[in-house]
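The values are calculated or read from the model by the stated rules, or taken from the named source; none is laboratory data. These numbers come from a predicted model, not from an experiment. Note: ideal-geometry Cβ built from the backbone for every residue, glycine included; neighbour counts use all protein chains shown. What goes into the accessible areas is simple: the full protein's heavy atoms, side chains included, and nothing from ligands, DNA or RNA. Shrake-Rupley method; radii C 1.70, N 1.55, O 1.52, S 1.80 Å.
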Amino acid sequence: MLKKSLLALVITWGTTANGHVSAQAGTDSTGLGLVIANYHTTIGQQSHLYNGPEYEFYDPIIKGNAYVFDNKLFTAGDVKYGTAVYRDVPMLYDLNKDLVVILLYNHFTKISLLSERVPEFWLLNHHFIRITTDSTGQARLGTGFYDQLYQGKKIGIIVKRAKSIQTNTGNNTIESFFSETSDYYVKKGDNYFSFSGKGGLLDIFKDKKKELRQYIKANHIDFRENQEQAIVDVTTYYDHLTN
């Protein structure tokens, strides 16, 4: 308990109110600096959270960024590592490498957590869960972190967000950039079904398609304007109809 409490205290004090890391906090010899010194003396590198290889940022020549929702600033989130939940940890989620990255108490060193030890984490008001192919027995789902958009009694919606580095060549130039994809799945029982857009979702929910079409029309749900919110709204209603 002492280890977790000190860790939470250090990391919480080391972030600003908006969740970004404070660059000046570490120089405060009477505030955060003293806390960090005491923490390092008491616990040091034995904290279970500080366990992973050092992380390096990408070459800035690559256009765009590798991070979820294009958020390239360390932002306070919660992460379950092993069996412990750590609060207000300065974090990034690298979609290209599918890694959770944290900033250490020195406000400089960055490490990527060991993914197999991270069953779930919470960042930017989203809940990410780790799914392994072995646990589902379905080849269509690769091992990795999935954004859990909705989880009801019978139905769930997850999305696999990913980015990859692409290259364009032309006029004797080479340009590299990050390209993003999002793959959506409905979870019904132990089975996962992939879909794309309104039509694919309604096909999966075909036993209530008429009612769902009426609900979409009556509530002016527009998949083109905000697809993910529309998916959640329709799935929530379907879950209600089938309970």
Practice prompt. Search the range 53-74 for residues that are more than 20 Å from Ile174 (Cα to Cα) and open to solvent by less than 90 Å² (accessible area, probe 1.4 Å) and pair each with any residue that is outside any loop (DSSP other than H, G, I, E, B) and of a type in the set (Gly, Ala, Ser) when their beta-carbon atoms are under 8 Å apart and the residues are at least 6 apart or on different chains.
Written response: Pro53/Ser112; Tyr55/Ser112
Discussion item. For the range 76-86, give me each residue that is surrounded by fewer than 21 Cβ atoms within 10 Å (Cβ to Cβ), in contact with a strand residue (DSSP E or B) (Cβ under 8 Å, 6 or more places away or on another chain) and of a type in the set (Val, Ile, Thr).
Written reply: Val85
Worksheet item: Within the range 195-227, which residues are open to solvent by less than 50 Å² (accessible area, probe 1.4 Å), under 19 Å from Gly156 (Cα atoms) and in a loop (DSSP other than H, G, I, E, B)?
Response: Phe205, Phe223
Worksheet item: Looking at the range 137-176, which of its residues are closer than 25 Å to Leu241 by Cβ and of a type in the set (Gly, Ala, Ser)?
Response: Gly152, Gly156
Worksheet item: Which one of these is hydrophobic (A, V, I, L, M, F, W, C), assigned to a strand (DSSP E or B), modelled with pLDDT of 95 or more and open to solvent by less than 10 Å² (accessible area, probe 1.4 Å): Val101, Val89?
Response: Val101
Worksheet entry | Residues within the range 131-171 that are surrounded by fewer than 18 Cβ atoms within 10 Å (Cβ to Cβ) and among the acidic types (Asp, Glu), tallied | 1
Discussion item. Given the criteria out of contact with any Asp or Glu (no Cβ under 8 Å at 6 or more places or on another chain) and of a type outside the set (Asp, Glu), does Tyr86 qualify?
Written reply: no
Discussion item. Which of the numbered conditions does Tyr237 fail, given that it passes all the others? Conditions: (1) surrounded by 13 or more Cβ atoms within 10 Å (Cβ to Cβ); (2) within 28 Å of Arg130 (Cβ to Cβ); (3) among the hydroxyl-bearing types (Ser, Thr, Tyr).
Written reply: (2)
Item to complete: Give the residues of the range 60-94 that are closer than 12 Å to Phe178 by Cα and among the polar types (S, T, N, Q), sorted by residue number.
Response: Asn65
Worksheet, complete the sentence: Within the range 172-190, the count of residues that are open to solvent by 50 Å² or more (accessible area, probe 1.4 Å) and under 16 Å from Tyr150 (Cβ atoms) comes to 3
